[in-house]
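> Before I ask anything, let me first share the structure, which is written out below as structure tokens.
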């Protein structure tokens with residue numbers, strides 16, 4: 001009884017407590033399928049959830065504190081300056097006509113535009129594996145690869161799907177990624193042991209994804225005269241490729257991601273001034289480069305803040321803890337234990353839209369579910385990471401999905417009619433992760449007894 005007293009009381013109990021979150025998700029889904037998936041439209045969904053929370057909370061002061069707690073979430077405060085720096089970098093590369101230079105280069109070396117999605121996936125996969133960060137791969141490569149691929153005739157959704165897939169490949173597999181580290185520590189296993197067993201699942205999802213990007217690239221890429229697309233025949237804008245290269249090098253050298261982006265921004269501004277692409281007035285004006293870059297990602301930041309608020313309201317009423325108790329109660333056999341853990345991971349991630357938060361929250365729960373059956377802890381670490389990584393890129397309110405959409409729209413090559421539905425179906429690697437791990441659970445392939453959690457799976 002004492003444990004129940006820490007939770008806020010709501011009209012309708014636990015059902016009433018989850019209504020704000022369900023209301024927001026339902027509104028987002030409706031908006032997406034009615035062609036109104038603009039991020040600013042999503043603001044209304046978030047505000048509606050706040051209103052529902054106000055109505056169902058009995059203690060209005062506790063409601064207000066939960067809202068403030070959501071706005072002060074450390075994850076949100078960390079993202080804010082990174083998004084500003086990334087938005088400015090995107091505007092710099094656009095002003096420098098880097099894409100025109102890339103198109104010019106591709107036309108010279110005669111790279112078939114149809115393989116651009118395939119190449120994009122590989123480049124982003126290498127970047128994310130080396131850096132251990134999907135955000136680094138996404139934000140560092142998007143301003144260059146996305147508009148370049150679109151201008152060369154590739155479908156925008158396919159190119160963005162390739163970027164998202166490649167960015168998550170390394171984030172899921174790299175031994176230095178937060179996903180790998182958190183999932184391994186959460187199951188109390190050696191990180192290298194987890195990676196060694198995880199590589200086969202990643203390849204099982206990655207190779208079909210690579211093939212699909214190749215096939216869809218051949219089938220959907222329009223015939224484009226690349227030479228006619230290059231408005232800068234001197235390819236002077238190609239000089240600016242040193243900026244994303246510099247950012248990537250700094251990240252590889254373990255430089256703080258925000259520091260790397262700001263350094264890239266500074267170099268970009270200097271080059272714009274030296275080469276005559278811009279002047280001081282146009283950079284610092286109210287509608288200039290810095291202002292437009294800062295505002296370009298505000299839509300997603302505002303909505304993310306509303307998401308964290310709604311999650312704080314849900315946490316305040318203890319809905320997730322109740323769900324955990326229910327799931328543990330229904331784990332009766334090894335296969336059922338894995339199935340319950342998988343369902344719990346997928347549902348939780350689908351609700352909150354964050355892979356890392358999902359892994360951190362459910363890892364101890366899954367460890368408790370699996371312990372009576374002595375299943376290898378490397379296996380649990382792997383499918384937790386796989387499901388969280390895959391689902392977080394598939395939901396319209398996910399942090400990763402929103403970031404990808406916002407940065408893509410910030411490049412200026414797609415309009416307001418470009419939505420999540422345009423690129424989520426092309427996120428082949430993340431879809432593959434979900435399919436591969438569910439196949440492993442349901443068939444029992446790779447399931448092995450625990451011998452301290454450090455051994456490999458078969």
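The values are calculated or read from the model by the stated rules, or taken from the named source; none is laboratory data. The structure presented is a predicted model; accordingly, all values stated were derived computationally and were not measured. In this analysis, Cβ positions are derived from the backbone assuming ideal geometry, glycine residues included, and neighbour counts consider all displayed protein chains.
> State which residue is surrounded by the fewest Cβ atoms within 10 Å (Cβ to Cβ) when the search covers only segment 425-450 and only residues that are at pLDDT 90 or above and farther than 18 Å from residue 340 by Cα.
Among residues in segment 425-450 that are at pLDDT 90 or above and farther than 18 Å from residue 340 by Cα, the one surrounded by the fewest Cβ atoms within 10 Å (Cβ to Cβ) is 425.
> Where residues in segment 240-261 are surrounded by 13 or more Cβ atoms within 10 Å (Cβ to Cβ) and over 18 Å from residue 90 (Cα atoms), which of them is modelled with the lowest pLDDT?
252
> I'd like to check something: does segment 302-315 contain any residue that is surrounded by fewer than 18 Cβ atoms within 10 Å (Cβ to Cβ) and either at pLDDT 80 or above or over 30 Å from residue 246 (Cα atoms) (or both)?
Yes, the conditions are met somewhere in segment 302-315.
> Failed condition for residue 178, given (1) under 24 Å from residue 394 (Cα atoms); (2) at pLDDT 80 or above; (3) surrounded by fewer than 21 Cβ atoms within 10 Å (Cβ to Cβ), with all others met?
(2)
> Something else now. Being crowded, with 20+ Cβ neighbours inside 10 Å, at pLDDT 85 or above and not in a loop (DSSP other than H, G, I, E, B) narrows it down to one of 293, 264, 237, so name that one.
From the options 293, 264, 237, the qualifying one is 264.
> Could you list, in sequence order, all residues of segment 238-265 that are in contact (Cβ under 8 Å) with a residue 12 or more places away in the chain and under 17 Å from residue 128 (Cβ atoms)?
Once the filter is applied, which keeps residues that are in contact (Cβ under 8 Å) with a residue 12 or more places away in the chain and under 17 Å from residue 128 (Cβ atoms), segment 238-265 yields 244, 247, 248, 250, 251, 252, 257, 260, 261.
> Name the single residue that is modelled with the lowest pLDDT among those in segment 15-64 being in a helix (DSSP H, G or I), in contact with a strand residue (DSSP E or B) (Cβ under 7 Å, 6 or more places away or on another chain) and farther than 19 Å from residue 348 by Cβ.
Ranking the qualifying residues of segment 15-64, first place goes to 16.
> Filtering segment 197-234 down to residues that are at pLDDT 70 or above and not in a helix (DSSP H, G or I), which residue is surrounded by the fewest Cβ atoms within 10 Å (Cβ to Cβ)?
In this case the residue turns out to be 222.
> Give the residues of segment 65-76 that are without any contact (Cβ under 8 Å) to a residue 24 or more places away in the chain and either in a helix (DSSP H, G or I) or surrounded by 15 or more Cβ atoms within 10 Å (Cβ to Cβ) (or both), sorted by residue number.
Within segment 65-76, 65, 68, 74 meet the criteria.
> Would you check if residue 141 is under 19 Å from residue 408 (Cβ atoms) and at pLDDT below 85?
When the stated conditions are applied, residue 141 passes them.
> Can you report the number of residues in segment 131-158 which are free of Cβ contacts under 8 Å to residues at least 60 places away in the same chain and either under 27 Å from residue 238 (Cβ atoms) or in a helix (DSSP H, G or I) (or both)?
Of the residues in that region, 4 qualify.
> Moving on to the next point. Tell me which residues, restricted to segment 266-292, are closer than 16 Å to residue 80 by Cα and in contact (Cβ under 8 Å) with a residue 40 or more places away in the chain.
290, 292
> Let me ask something else about it. Restricting attention to segment 110-130, and to residues there that are free of Cβ contacts under 8 Å to residues at least 40 places away in the same chain and at negative phi, which single residue is surrounded by the most Cβ atoms within 10 Å (Cβ to Cβ)?
Looking at the filtered set, the residue picked out is 119.
> While we're here: Need the failing condition index for residue 104 against (1) out of contact with any helix residue (DSSP H, G or I) (no Cβ under 6 Å at 6 or more places or on another chain); (2) crowded, with 19+ Cβ neighbours inside 10 Å; (3) modelled with pLDDT of 75 or more, just the number.
Single failed check for residue 104: (3).
> Then there is this: Suppose the filter is part of a helix (DSSP H, G or I) and either at pLDDT below 80 or at positive phi (or both); does residue 336 pass it?
Spelling it out, it is not the case that residue 336 is part of a helix (DSSP H, G or I) and either at pLDDT below 80 or at positive phi (or both).
> Now for a different question. Check off (1) touching a residue at least 24 places away in the same chain (Cβ under 8 Å); (2) closer than 16 Å to residue 119 by Cα for residue 219 and give me the number that stays unchecked.
Unmet for residue 219, out of (1) touching a residue at least 24 places away in the same chain (Cβ under 8 Å); (2) closer than 16 Å to residue 119 by Cα: (1).
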